[in-house]
């Protein structure tokens, strides 16, 4: 596999609260690990939430002796959540901080995926499709039939998320698995990309940008900035 990762502060923010982790070699009993986290909170708190949660998660995975990928990931996310809550209790500067998280590990011909919040994982086979489901207020409205997907994209409450690490003691994690083939792409991203570039344009960029996976990934970041760059941008692009 070939991998590109990047974060970018965007055009409007002064601080980058997005965080990525990429390893195409083993992390503990996982053969690889790819992750995007999008922090939220006051001054420094969002930056701390995303970086601290990812570092806690990677440490837990590194020491987990379980052989089952989903069990390893679940335990690590739960530990990262409890650690973030403890930090917020001990330091008022971190009160109310939180982070989204989307991650995957590729085992043989399958990708095992977990997400909390509205950072996304897409799979590009014959076409691009969003594998994860946003944990957001507007997504719940779409599911209830109150909004169309196009209306949700521009809804004023689109950034209100309903799940995050650091929000509650018990964390609800979604898991998915997908079968992969040679030539597939996996894209993990924060909403700084998905809010600035629609799915059709993401597919077009991945499909039509000439050159390496890095060229495709940088083109995605550049497009988000060209469209306004209203938030931090995080991208992990994996070519199978």
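What follows is calculated from the coordinates using simple rules that are stated; it is not laboratory data. This one's a predicted model, so the numbers in the text were calculated from it and none came from an experiment. Glycine gets a Cβ as well: all are built from the backbone with ideal geometry, and neighbour counts include every protein chain shown.
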Unique match (being buried (at least 17 other Cβ atoms within 10 Å of the Cβ), in contact with a helix residue (DSSP H, G or I) (Cβ under 6 Å, 6 or more places away or on another chain) and touching a residue at least 12 places away in the same chain (Cβ under 8 Å)) among 166, 229
166
(1) closer than 19 Å to residue 192 by Cα; (2) surrounded by fewer than 23 Cβ atoms within 10 Å (Cβ to Cβ); (3) in contact with a helix residue (DSSP H, G or I) (Cβ under 8 Å, 6 or more places away or on another chain) all hold for residue 137 apart from (3)
Report, by residue number, each residue of region 29-69 that is over 17 Å from the mean Cα position of the chain (by Cα) and under 21 Å from residue 187 (Cα atoms).
30, 31, 69
Residues located in region 98-127, provided they are under 18 Å from residue 197 (Cβ atoms) and surrounded by fewer than 18 Cβ atoms within 10 Å (Cβ to Cβ):
127
Candidate set from region 44-92 (those that are in contact (Cβ under 8 Å) with a residue 24 or more places away in the chain and assigned to a loop (DSSP other than H, G, I, E, B)); member that is farthest from residue 27 (Cα to Cα):
44
